[in-house]
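Enquirer: Have a look at the structure that comes next, please.
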Amino acid sequence: MKSHLIFIGAPGSGKGTQASKFVAGKGFKHISTGDLLRAEILKKSALGLEVKMVMDEGKLVSDELVIRLLQANIDLAASQYIFDGYPRNLAQAQTLDKEVLKGGPSISVYFEIDMTKLVERLTNRRTCGNCGAIYNLISKKPKITGTCDQCGSTNLIQRADDKEEVIKNRLQVFQDTVSPVLKYYQDLGRLLKVDAEKFPDEIFNMISSKV
Ligand code: AMP
């Protein structure tokens with residue numbers, strides 16, 4: 001049975017970029033709880049409005065709601081998954097093992113990066129509203145300003161929570177909650193640490209060699 005991958009890293013540490021590479025190059029399915037929550041907001045349901053208020057402050061949405069959304073959107077028997085943005089705390093890591101993976105194999109990858117670099121990365125991040133391609137206005141500009149290289153859409157957007165004040169909260173929440181998650185996987189011998197400041201291809205090769 002092939003291992004699922006669990007990506008752990010601060011916002012902006014490159015999880016989404018690697019996830020795209022694993023989807024394109026290795027046939028993984030990418031499940032991002034942040035994307036699932038943003039889709040919920042777009043529906044403008046009562047639940048979506050509640051979620052938006054929490055996300056706009058950079059706080060975490062309730063564990064119970066996130067696991068429900070996750071379970072409803074995966075089929076572990078059919079695909080090898082990348083979990084991106086889940087787990088965010090120790091309780092979620094334990095729930096993922098007990099209620100989702102149920103003993104199935106997984107490798108947790110920690111994207112290590114200097115936190116001070118992240119504010120710059122995140123304020124310059126733009127995402128294609130059509131196909132989801134990720135750009136950075138400094139390090140990975142689209143070839144034609146304002147136009148997606150992949151699909152030609154001119155809808156390159158800044159996420160509402162990629163504004164500087166919200167970013168600082170998100171990074172603080174990450175730092176406050178990640179240590180027990182890393183310890184949990186380390187103790188189980190399932191943690192792989194990668195230097196998130198290396199080039200995306202190097203990171204991809206490093207993770208690929210372990211899967
Ligand atoms: P992300 O796209 O992973 O950076 O997530 C954006 C926001 O969605 C976070 O700041 C949280 O408000 C919320 N979120 C995403 N994943 C989770 C999770 N596993 N648990 C709780 N909240 C989450």
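Just so it is clear, none of the values below were taken in a lab; they were calculated from the coordinates. Since the model is a prediction, treat every value here as computed from it, not as a measurement. We place every Cβ from the backbone using ideal geometry, glycine too, and count neighbours over all the protein chains shown.
Enquirer: What are the extents of the Cα atoms of region 1-52 along their three principal axes, listed from largest to smallest and rounded to whole Å?
Expert: The principal-axis extents, from largest down, are 38, 24, 18 Å.
Enquirer: Is the shape of the chain rounded, prolate or oblate, going by the alpha carbon gyration tensor and its root eigenvalues a ≥ b ≥ c, with a/c under 1.5 for rounded and a/b larger than b/c for prolate?
Expert: On the way: a/c = 1.38, a/b = 1.19, b/c = 1.16.
Taking the square roots of the gyration eigenvalues as a ≥ b ≥ c, the chain is rounded.
Enquirer: Next up: Using the crude model of +1 on Lys and Arg Cβ and -1 on Asp and Glu Cβ, and no other charge, please compute the dipole size for the chain relative to its Cα centre, in debye to 20.
Expert: Working: 30 positive and 25 negative charges, 95 e Å.
Computed about the Cα centre, the dipole is about 460 debye.
Enquirer: Extension gain residue 114-residue 138, at 0.36 nm per residue separation less the Cα-Cα distance, in nm? Intermediate results must be reported in sequence, preceding the final value.
Expert: Numbers: separation 24, 0.36 × 24 = 8.64 nm, distance 1.76 nm.
Fully extending the segment from residue 114 to residue 138 adds 6.9 nm.
Enquirer: Let me ask you something else. What are the semi-axes of the equivalent ellipsoid for region 13-119, taken as the square roots of 5 times the Cα gyration tensor eigenvalues, largest first, in whole Å? Each step should come with its number before you reach the end.
Expert: Working: eigenvalues 96, 70, 44 Å².
For region 13-119, the semi-axes come out at 22, 19, 15 Å.
Enquirer: Give me 206, 53 ranked fewest to most by other Cβ atoms within 10 Å of their Cβ, as a rough exposure proxy. Before the final figure, lay out each step's value.
Expert: Values: 206 16, 53 11.
The fewest-first ordering by Cβ neighbours comes to 53, 206.
Enquirer: A follow-up question, please. Please give the net charge around residue 13, taking every other residue with its beta carbon less than 12 angstrom from that of residue 13, where Lys and Arg add +1 and Asp and Glu add -1. Walk me through the numbers on the way to the answer.
Expert: Values: positive: 15, 117, 121, 125, 170, 193, 198; negative: 84, 112, 114, 195, 197.
Overall, the nearby charge balance is +2.
Enquirer: Still on this structure, please answer the following. Taking each full run of DSSP H in the chain as one helix, which ones are at least 27 Å long along their axis (Cα atoms) and have mean Kyte-Doolittle hydropathy of at least -1.0?
Expert: On the way: long enough: 164-187 (35 Å, -0.60).
TM-like helix candidates: 164-187.
Enquirer: Compute the Rg/Rh shape ratio of region 113-211: radius of gyration over Kirkwood radius, all on alpha-carbon atoms. Before the final figure, lay out the partial values.
Expert: On the way: Rg = 16.2 Å, Rh = 15.7 Å.
That ratio equals 1.03.
Enquirer: Can you compute the FRET efficiency between residue 157 and residue 47 using 1/(1 + (r/R0)^6), with r the Cβ-Cβ distance and R0 = 25 Å? Round to the nearest 0.05.
Expert: Details: r = 22 Å, r/R0 = 0.90.
Computed FRET efficiency for residue 157 and residue 47 comes out at 0.65.
Enquirer: Counting Lys and Arg as +1 and Asp and Glu as -1, each charge on the Cβ, what is the dipole of region 1-93 about the Cα centre in debye, to the nearest 20?
Expert: Details: 12 positive and 9 negative charges, 67 e Å.
Its charge dipole is roughly 320 debye.
Enquirer: Also: Place a point 7 Å from the Cα of residue 176 along the Cα-to-Cβ direction; which residues of region 1-31 have their backbone N under 19 Å from it?
Expert: So the set is 9-12.
Enquirer: Also: Of 181, 154, 123, which is farthest along the charge dipole of region 113-211 in the positive direction, counting Lys and Arg as +1 and Asp and Glu as -1 at C-beta?
Expert: It is 154, whose Cα lies furthest towards the positive end.
Enquirer: Considering only 138, 104, 22, whose Cα is most displaced toward the positive end of the charge dipole of the chain, charges sitting on Cβ of Lys, Arg (+1) and Asp, Glu (-1)?
Expert: 22
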